[in-house]
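Encoded as structure tokens, the structure appears first; notes follow it.
The values are calculated or read from the model by the stated rules, or taken from the named source; none is laboratory data. Fair warning: this is a prediction, and the values are worked out from it, not measured in the lab. When we count neighbours, we look across all protein chains shown, and the Cβ atoms used for this are built from the backbone with ideal geometry, even at glycine. Just so you know, the surface numbers come from the protein's heavy atoms only, side chains and all, with ligands and any DNA or RNA stripped out. Shrake-Rupley method; radii C 1.70, N 1.55, O 1.52, S 1.80 Å.
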Amino acid sequence: MTIKLYNTLTRKLEEFKPLEAGKVGFYSCGPTVYHYTHLGNLRTFLHNDFLKRMFLANGYDVRHVMNITDVGHLTNDDDDSGEDKMEKGAARDNKSVWDIAKFYKGEFLRDFNDLNMIAPTVMPHATDYIAEQIELVQKLEKMGYTYEIPGDGIYYDTSKFAAYGALTGGTLSGNRAGARVGFNDAKRNPTDFALWKFSPTDAKRQMEWDSPWGVGFPGWHAECSAMSMKLLGDHFDIHTGGEDLSRVHHANEIAQSEPITGAPWVNTWLHYSFLLDKSGEKMAKSKGEFLGMDAVRNRGYDPMVYRYFVAMGHYQSQLAFSWETMDATAKSYANLVRRVSELLNSEKGQVDDTVYNKWRNEMIEAMSDNLKTASVLVLLQEFIKSSDINDATKLALVHVVDELLGLQFIDRATKLVALENESAPAEIVALAEKRAAAKANRDWATADALRAEIDAAGWTILDSKDGYKIVKKA
Ligand code: AMP
Ligand code: ZN
């Protein structure tokens, strides 16, 4: 099937052509583990997961690398100044930098699994690739791309790289807007960036390494170039990240890599739009207050509701988060799970291959057409309501939706069926009988009180015209 993706580099929707037939290699900038991952970061990671599932459905062999940034980077990444994020996080939590990296990585993986994302093929840690980062800087040094700012670090001279900023259609001057003045006045060009930072002479950093230039730590951008080249080769298919990364981080990654690999280093660049908070601004860790999966779980939402919410949007459009939308999404999700549970309970019949293939292809086509996840959800609503499709075929198609969107409909519906088939213990049955008697006597107050008691014990009474059913609450 033809796959089309929007390539930031060419600013076009392009037909995807793999470097090697049947295979795709892609690199995603992963989380910086100095704090909890927020819903915006997770939106970005979910789009990676949709991308991966689309390739898998098209029969590709997928090699996905996503890094864990556990080296401290500076709060002003754009100009290599400010405080070290990891050291700042460690001071906030009163732990060592190594401990907070381990802790927040664990929390990130919990969210990642709860959201049913497929594990990357490799998840390298920046601290395990210091030698490769030093080697990268050495190569650039030999090629004449670097200079030293005494007492500060080794910098990349962006004026030596003619294609600098190509990703954002920018020129060197176009990128100046984001550059600040101050400590980095010593830079030759505002867009120059640190490849290696020296440790301060008057204080000991918790994370520092020896290098040919003295004790210090790598610049933020070095890790992604070094690790992706090592794990995916000098040329690979796709590089992804949130929309904030294209202007500086990815521009710098390209500048560091293409002198070594030749151009193009990466064929397709995908950038995902932001999740906005309730004030319409980018959700950001640096704001201090942000929403993560704990907020979702603590409010009683199934993590799949957030996944569904993200799937309803398109990666090229910003998405505003609100609990009201989450409530509406939770209702749609629960309705669908109930419908699927009815399919599981019904007489199944035989899958109609022709019908199945037609709908399956349509769904894969939607995904392959620039990841139209929301169109797959529209198709799901259509086929599930259709009176022309038998239940066995519908159920087989729900499996396809799960494959493509990872929404775990079959899993949740199976659990619902199991809950509903569980018989209530004798004391609940006795309460239900008492309630039925109270109802027969039109004693509504007693009936309501008994319903509340049953409810508090974790069971629900479903009344019908033939009587009632007692089901366990999900
Ligand atoms: P970080 O952990 O801050 O390095 O970010 C990890 C990923 O999340 C990067 O690809 C960012 O571009 C992305 N990201 C950060 N903030 C948002 C947001 N509000 N919405 C979507 N993606 C984001
Ligand atoms: Zn990166």
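Annotations for the structure displayed:
- Filter pass, Lys439 being surrounded by fewer than 19 Cβ atoms within 10 Å (Cβ to Cβ) and over 24 Å from Gly349 (Cα atoms): yes
- Per the conditions (1) on the phi > 0 side of the Ramachandran plot; (2) within 16 Å of ligand 2 (Cβ to nearest atom), the sole criterion not satisfied by Gly280 is (2).
- Residue in the stretch 313-320 that is within 12 Å of ligand 1 (Cβ to nearest atom), crowded, with 22+ Cβ neighbours inside 10 Å, of a type in the set (Ser, Thr, Tyr) and more than 30 Å from Glu132 (Cα to Cα) present: yes
- Contact annotation: residue pairs with Cβ atoms under 6 Å, 6 or more positions apart or on different chains, pairing a residue in the stretch 241-254 that is assigned by TED's automatic domain parsing to the domain that holds Asp157 with a partner that is assigned to a helix (DSSP H, G or I) and within 11 Å of ligand 2 (Cβ to nearest atom), are His249/His221; Asn252/His221; Glu253/His221; Glu253/Cys224; Glu253/Ser225.
- Every test in (1) of a type in the set (D, E, K, R); (2) closer than 25 Å to Trp196 by Cβ; (3) more than 16 Å from ligand 1 (Cβ to nearest atom) is passed by Glu253 save one, and that test is (3).
- Subset of the stretch 365-378 (residues that are of a type in the set (A, V, I, L, M) and buried (at least 19 other Cβ atoms within 10 Å of the Cβ)): Ala366, Met367, Leu371, Val376, Leu377
- Test: Glu14 is away from ligand 1 (no atom under 16 Å from the Cβ) and assigned to a loop (DSSP other than H, G, I, E, B): no
- Members of the stretch 113-170 that are open to solvent by 60 Å² or more (accessible area, probe 1.4 Å) and either outside the structural domain of Ala263 (by TED's automatic domain parsing) or among the aliphatic types (A, V, I, L, M) (or both): Ala119, Ala131, Met143, Ala162
- Residue count for the stretch 401-420, restricted to those that are out of contact with any helix residue (DSSP H, G or I) (no Cβ under 9 Å at 6 or more places or on another chain) and without any contact (Cβ under 8 Å) to a residue 12 or more places away in the chain: 1.
- Test: Phe55 is away from ligand 1 (no atom under 13 Å from the Cβ) and either within 23 Å of Ala311 (Cβ to Cβ) or surrounded by 22 or more Cβ atoms within 10 Å (Cβ to Cβ) (or both): yes
- The residues in the stretch 38-81 that are more than 14 Å from Thr121 (Cβ to Cβ), modelled with pLDDT of 95 or more and hydroxyl-bearing (Ser, Thr, Tyr) can be counted, and the count is 1.
- Enumeration of residues in the stretch 324-338 that are open to solvent by 80 Å² or more (accessible area, probe 1.4 Å) and among the aromatic types (Phe, Trp, Tyr): none
- Of all residue pairs spaced 6 or more apart or on separate chains, those with beta-carbon atoms under 9 Å, a first member in the stretch 201-229 that is over 19 Å from Tyr145 (Cβ atoms) and a second member that is acidic (Asp, Glu) and within 16 Å of ligand 2 (Cβ to nearest atom) are Met207/Asp70; Met227/Asp128; Met227/Glu132.
- Filtered by the rule that a residue be without any contact (Cβ under 8 Å) to a residue 40 or more places away in the chain and within 25 Å of Asn58 (Cβ to Cβ), the stretch 387-400 gives Ile389, His399.
- Screening the stretch 256-267 for residues that are open to solvent by 10 Å² or more (accessible area, probe 1.4 Å) and over 10 Å from Ser225 (Cβ atoms) and picking the one that is nearest to ligand 1 (Cβ to nearest atom) gives Asn267.
- One residue from Asp237, Asp202, Asp277 being modelled with pLDDT of 95 or more and among the acidic types (Asp, Glu): Asp237
- Test: Tyr306 is under 25 Å from the mean Cα position of the chain (by Cα), open to solvent by less than 30 Å² (accessible area, probe 1.4 Å) and under 22 Å from His35 (Cβ atoms): yes
- Meets criteria (farther than 30 Å from Lys472 by Cα and in a helix (DSSP H, G or I)) for Ala334: no
- For the stretch 1-43, the tally of residues that are more than 13 Å from the chain's Cα centre (by Cα), away from ligand 2 (no atom under 16 Å from the Cβ) and under 23 Å from Tyr306 (Cα atoms) stands at 2.
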